[in-house]
Amino acid sequence: MIRAAVATDVPVIHALIRELAEYEKAPHEAVATEEQLHDALFGADPALFGLITEDDTTGEPVGFAVWFLNFSTWRGTHGIYLEDLYVRPEARGGGHGKALLLELARIAVERGYSRVEWSVLDWNEPSINFYKSLGAVPMDGWTVYRLTGEALTAAGAP
């Protein structure tokens, strides 16, 4: 059901990212190209890693997870930051999302990483309830900040 993404998966990963952006009501923000994804996942120095979940009967991809390494200076170890996890609506409830998260947990434990973390939109109650059912806890007191677009350009100007 779960396997590592391979280069030929890039078009389906790209399509799933677009579906996720639609679900999260932000399709205009998903501007990554297949070429960019290929380079990030399979270039000379990959910075992104991917998992694919497939339908048990057809073998067709029905979801994915992409992640990268972060680092905890307090714990002195790497962790996994789950950038995206998405399962197509028709495949939800079949254990695909759980299998993806459990595989990420297995990878973290096997490699000695200290955590797996991610962000979830505050209105996404089905996902929040699912994550809590696995023992995940919200990081109360922390707010995500982002510097992007014109603000990033201005801040990064010489």
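The values are calculated or read from the model by the stated rules, or taken from the named source; none is laboratory data. Since the model is a prediction, treat every value here as computed from it, not as a measurement. Cβ atoms come from the backbone with ideal geometry, glycine included; neighbour counts cover every protein chain shown. Only protein heavy atoms, including side chains, enter the accessible area calculation; ligands, DNA and RNA are left aside. Shrake-Rupley method; radii C 1.70, N 1.55, O 1.52, S 1.80 Å.
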Inset, instruction - At a temperature of 37 °C and a viscosity of 0.692 mPa s, determine how fast the range 1-141 diffuses translationally according to Stokes-Einstein, using the Kirkwood radius over alpha-carbon pairs as Rh; express D in µm²/s, rounded to the nearest whole number. - result: 207
Legend entry - Within the chain, helix-based [θ] at 222 nm, where runs of 4 or more DSSP H residues each add -39,500 (n - 2.57), nearest 500: -11000 deg cm²/dmol
Inset, instruction - Provide the gained length on full extension for the span A15 to L69, in nm with one decimal, where the gain is 0.36 nm per separating residue minus the Cα-Cα distance. - result: 17.1 nm
Inset, instruction - Mind giving me the nanometre distance, one decimal, between the label points for V6 and T77, set 7 Å out from Cα along Cα→Cβ? - result: 3.2
Inset, instruction - Go through A99, L37, P11 and say which Cα lies farthest out towards the positive end of the charge dipole of the chain; charges sit on Cβ, +1 for Lys and Arg, -1 for Asp and Glu. - result: A99
Inset, instruction - Identify the chymotrypsin sites (Phe, Trp or Tyr not before Pro) of the range 28-119 meeting these criteria: DSSP loop state and at most 13 other C-beta atoms within 10 Å of the C-beta. - result: W74
Legend entry - Probe 1.4 Å, accessible area per residue of the chain, Å²: 64
Inset, instruction - May I ask you to compute the full-extension gain from D122 to T57, defined as 0.36 nm times their residue separation minus their alpha-carbon distance, rounded to one decimal in nm? - result: 20.0 nm
Legend entry - Efficiency of FRET between Y23 and A157 - r from beta-carbon atoms, R0 35 angstrom, step 0.05: 0.50
Inset, instruction - Can you tell me how much longer the chain between T148 and A136 gets when fully stretched, taken as 0.36 nm per residue apart minus their C-alpha distance, in nm with one decimal? - result: 1.5 nm
Inset, instruction - Report, to the nearest whole %, how much of the accessible area of the range 2-158 belongs to carbon and sulfur atoms, 1.4 Å probe, protein only. - result: 56
